[in-house]
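To keep things clear, I will list the structure first and then write my remarks on it.
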Amino acid sequence: MADGRPCLDFCSNDFLGLGRDPDLSRRLAALCRDQSSGAGASRLVTGSSVSLLEAEKALARYFGYEACLLFSSGFLANLTLVSALFSSRDAIAADKRIHASLMAGIRHSRAAFHTFRHNDPDHLEKILTRHPVTAVCTESLFSMDADSPDFGRLKKLKDRHDFFCITDEAHAFGVLGDRGRGLGRGTADVAVGTLGKAFGFFGSFVLMPETVREYLIHFGQGFIYTTAPPPWHGDMVLALLERISAADDRRAHLQKTGDMARDLLRSAGFSVRGRHHILALETGDEAGCQALAETLRQRGILVFAARYPTVPLGRAMLRICLTSDHQPADLLRLRDALAAATESP
């Protein structure tokens, strides 16, 4: 709904439609009835419920990491992770387009900071050769550029230069890789996932070695000094993870949907980036981008107009988020609305 009117939604990150699943909604309602509404304390006091610990173990097993820690949000997870692990004694190299939460963590850490050009391993290698770098930060699927790093090249650089690799998998976990296990396994030492996208819920999780988990528990301020998630949160995460593990049909449909949307828009003359469930339709001009999004809104279609400072100045674009609920008729409607909105008067 937008302004009280039904709209076709291409903004939502509920990639597998689990946030609108009626069975899961009933499960959540039952959990809320049977348990208290809030934890009442931080995890280090009395807020660490059995279900939260079980959910952390299950997430670690499923995604192939030694340990896991749940956080209240993805921003808090990245901020806490980076600011706790690194200090002024360290140096961090990061992709120029990493999420603002990772950037905030780097600033709070006071580590020396080097940026490399977006998805440019050659530029990263030059930095690694010239500077002693402790860690490299990247994402597995950049939500504004709709692209991914070359993890094969990144792994070779990691083996050669021995850095700690942090990968934000927020837009990949649940959707990309074997049974939705993401793209960075085997390269990332630590991976950050969210429960607010493919899981259709709220919160986030960090996957890592057990030693890092223990360090964050005792030194991560964003974990220590905040109220724990509700006691039913872990139970719901377990239910959602079970659905994620069995969602191959939804993932296959979503990939086909992405392929069809990209082909339809390109055949209509639009410049589109992306190979998966997020597409970036280039517009260039900030004002024109916002006007186009508003025109689509008036036609009953919601898309996000990404403008400076979210993206570089002069590189505004429409971000099109696809879900497993989208059908071919929805994509045709999107194409036709875009074509009508951009045709010369």
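What to note about this one:
- The stretch 21-244: antiparallel DSSP beta bridges as a percent of all, rounded to 5: 40
- Estimated [θ] at 222 nm from DSSP helical runs (n ≥ 4, -39500 (n - 2.57)) normalised by residues in the chain, nearest 500: -13000 deg cm²/dmol
- In summary, the convex hull built on the alpha carbon positions of the stretch 46-132 has an orientation-averaged projected area of 7.3 nm².
- GNM flexibility winner over the chain from Ala228, Ala30, Ala280 (Cα, springs under 10 Å): Ala30
- Peptide packing: for 103-113, 40-50, the average count of neighbouring Cβ atoms within 10 Å per residue gives the ranking 103-113, 40-50, highest mean first.
- What the Kirkwood sum gives for the stretch 18-76 is a hydrodynamic radius of 13.5 Å, with every pair of different alpha carbons counted.
- For the Cα trace of the stretch 186-302, dividing Rg by the Kirkwood Rh returns an Rg/Rh value of 1.09.
- Expressed in units of 2.2 N^0.38 Å, where N is the residue count, the Cα radius of gyration of the stretch 21-244 is 1.02.
- Backbone HN-Hα couplings from phi across the stretch 223-235 [Karplus 6.51/-1.76/1.60, Hz, Gly and Pro as x]: 9, 6, 9, 8, 5, 5, x, x, x, 7, 4, x, 4
- Burial order of peptide ranges 321-328, 334-341, 32-39 (average beta-carbon count within 10 Å, highest first): 321-328, 334-341, 32-39
- For the stretch 299-345, the pair-distance distribution built from all alpha carbon pairs, in bins 10 Å wide starting at 0, is 22, 44, 30, 4 percent.
- Selection among Leu195, Ile166, Phe205 by position relative to the dipole of the stretch 133-252 gives Ile166 as farthest towards the positive end (Cβ unit charges, Cα centre).
- Stretch gain in nm, segment Ala291-Ser88, where the contour uses 0.36 nm per residue and the Cα spacing is subtracted: 68.7 nm
- Partner lysines for Lys158 [C-alpha distance under 17 Å; skip if fewer than 8 residues away on the same chain]: Lys126
- Expressed as a fraction of 2.2 N^0.38 Å, the value expected for a compact globular protein of N residues, the C-alpha radius of gyration of the stretch 110-195 is 1.07.
- Between Leu16, Leu279, Leu241, the residue with the greatest mean-square fluctuation in the GNM of the chain (Cα pairs under 10 Å linked by springs) is Leu241.
- Low-density loop positions, trypsin sites (Lys or Arg not before Pro), the stretch 228-316 - DSSP coil, at most 13 other Cβ in 10 Å: none
Bear in mind that the values in this text are calculations on the coordinates, not laboratory data. Not measured: the values here are computed from a predicted model. Cβ coordinates were reconstructed from backbone atoms using ideal geometry, including for glycine residues, and neighbour counts include every protein chain displayed.
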